[in-house]
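Read the structure below first, then the notes.
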Amino acid sequence: MARKFAIRTFGCQMNEHDSERLAGLLAADGLEPTADLDDADVIVFNTCCIRQNADNKFYGHLGRLKALRAEKPDLQIAVGGCLAQKDRDLIRSRAPHVDVVFGTHNLNRAPVLLRQARASGPLVEVLDAPDPDAAPAHLASAAALREVPYAAWVTIQTGCDNSCAFCIVPAVRGPEVSRPVAEIVAEVEGLARRGVIEVTLLGQNVNSYGRDLTRRRPLFSALLSAVGDVEGISRVRFTSPHPKDLRPETIAAMAESDAVCEQLHLPLQSGSDRVLSAMRRGYTAARYLERLRAARAAIGDLAVTTDVIVGFPGETDEDFEATLEVVAEAEFDSAYTFIFSPRPGTRAADLADRFVPDAVIAERFERLRVVVERSALAHNRDRIGRAEEVVVEGPSRRDDAVLAGRTRQGKIVHFAPPDGGPGPAPGSLATARITGAAPHHLTGAFVDLVAPPRHRRRIPVAAG
Ligand code: SF4
């Protein structure tokens, strides 16, 4: 009987996608996936270290597995990803029941390492830089085991050449490494042949994509257009771009390609120039707003989301008021708001004498939430009465009698299926009339089916 594996993922979309690739590698090595940890012979944690609470959560999970390991001596536990890259030695000293530790640069080695550990005992293999023989081709995701068959993440680049003062990513993911355009386009063509209709291009700093390949032309805009031209792909998204690298060519490519969605996630982080400079972000609030205006002028019906950090060391009341002003002016569709979390190894972690008191952060956080929700609700109310194209995702998490779909702007629409039936299958394109709005979702009524799922069709051509 085949051994079974379970993966638990912490952190961002990049990690989610790494876990899909890891699942594909383990399945190719003869293991079967299971969602149940008690049923698994191999448990892999794909970790995150972006915030302290992610660390704590992970070590809590790991501690609970000690008893399971004692009951099942054959159980193998592996830890990979960003925290493993950072804490390579600490993990086994805190949790000696871990069999394998691997980092961000050698995820492709996980099956081999698990086999070696089974034969000869626990091992730690963490590379300090990408393996030139493996990267970036090992990022190909054709064999990834995906949760949904109609949408796919595609890694276009790993690592980051910036040095934002609060961010641990460059230390754990290394410098930027871009995959060649032709390789990415071939992968997307393979996904389209398998019935994928939506791709999200992933990178730590997507719009600087290709700087390591050539300095002659802006490659990200060319890539966006090429992916948008792939037959069968009706939606292209990307995350995350950096405001300082949002070039006119990228905005033009977004405006010109029918497939590229009217959605832009543009992390602001702060509206205070003093804080932005301390963060080493490379733009001012005015420059950010200027680029946002250019994007909105060129791309009709553009939804804009952002990230904001509250309580960066030394953030004064004045700085925070500046952030509120910029957030109000930007009128975001939504914002991921974070409380500053000091990460050892980053510049900001050394500014402990300037940390903002928790009570002040809590009050600022709440005020920011109110401003974001005001513009989010206003944008969503503007959509009432419109017929929106949605990709059906399946039953809503809150009420399985209702379907959830996502608009091109990335907004969730909850709508009742027609005639009380099950409604269109996940992966269908449908039209819903918007009837109600809340800050974080829309409600609507089913209008018609635009296209059934493509992934149901038999695809004669091998993918990838
Ligand atoms: S751009 Fe800044 S925040 Fe984003 S991954 Fe790079 S260093 Fe981190």
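The values are calculated or read from the model by the stated rules, or taken from the named source; none is laboratory data. A quick note: this is a predicted structure, and the numbers were derived from the prediction, not measured. Note that each Cβ is placed from the backbone with ideal geometry, even for glycine, and that neighbours are counted across all protein chains shown. SASA here: full protein model, heavy atoms, side chains in, ligands and nucleic acids out. Shrake-Rupley method; radii C 1.70, N 1.55, O 1.52, S 1.80 Å.
What to note about this one:
- Accessible area per residue for the chain, computed on protein heavy atoms with a 1.4 Å probe, is 44 Å².
- Relative contact order of segment 260-399, defined on C-alpha pairs under 8 angstrom at six or more residues apart (%): 25
- Taking every DSSP beta bridge that has both ends in the chain, the antiparallel portion is near 35%.
- For segment 18-71, the gyration tensor built on C-alpha atoms gives an oblate shape. Its axis ratio a/c (a ≥ b ≥ c) is at least 1.5, and a/b is not larger than b/c.
- Scanning residues 5 or more positions from THR435 or on other chains, those with amide H under 5 Å from its amide H are GLY385, THR443, GLY444, ALA445, with H placed 1.01 Å from N in the peptide plane.
- Segment 258-317 versus segment 1-33: alpha-carbon centroid distance in Å: 34
- Here the gap between ARG115 and ALA129, fully extended at 0.36 nm per residue and compared with their Cα-Cα distance, gives a gain of 2.7 nm.
- In this simple spin-label model, placing a label point 7 Å from the Cα along the Cα-to-Cβ direction at both ALA362 and ASP38 gives a separation of 3.8 nm.
- Theoretical gain in end-to-end length, ALA378 to GLU147 [0.36 nm per residue, Cα-Cα removed]: 79.9 nm
- Anisotropy class of segment 342-464 from Cα gyration tensor, a/c 1.5 cut: oblate
- Placing R0 at 35 angstrom, the Cβ-Cβ distance between ARG433 and GLU321 gives a FRET efficiency of 0.30 after rounding to 0.05.
- Sulfur and carbon atoms: percent of accessible area, the chain [1.4 Å]: 51
- Neighbour cut-off at most 14 other Cβ (10 Å), DSSP loop, chymotrypsin sites (Phe, Trp or Tyr not before Pro), segment 252-322: none
- Stokes-Einstein D in µm²/s, Kirkwood radius over Cα pairs - the chain at 20 °C with 1.002 mPa s viscosity: 91
- Mean sequence separation of contacting Cα pairs (under 8 Å, at least six apart), scaled by the length of the chain, corresponds to a relative contact order of 11 percent.
- Take the Cβ atoms of ALA70 and TYR336, set R0 to 41 Å, and the FRET efficiency comes out at 0.55.
- 3J(HN,Hα) from dihedral phi, segment 407-417, Karplus parametrisation 6.51/-1.76/1.60, rounded to Hz, x for glycine, proline: 7, 4, 7, x, 8, 7, 10, 9, 9, 6, x
- Extension gain, ALA2 back to HIS61 (0.36 nm per residue minus Cα-Cα distance, nm): 18.7 nm
- Sequence-separation-based contact order of segment 1-146, relative, with Cα cut under 8 Å and 6+ spacing, percent: 24
- Peptides 66-74, 444-452, 219-227, ordered by how many other C-beta atoms sit within 10 Å of their residues on average, highest first, read 219-227, 444-452, 66-74.
- ³J(HN,Hα) computed for each position of segment 420-426 - Karplus, 6.51 cos²θ - 1.76 cosθ + 1.60, integer Hz, glycine/proline x: x, x, x, x, x, 6, x
- Rounded to 0.05, the FRET efficiency of the ARG280 and ASP353 pair, given R0 = 22 Å and the Cβ-Cβ distance, is 0.70.
- Convex hull volume of segment 231-378 per residue (C-alpha atoms, cubic angstrom): 120
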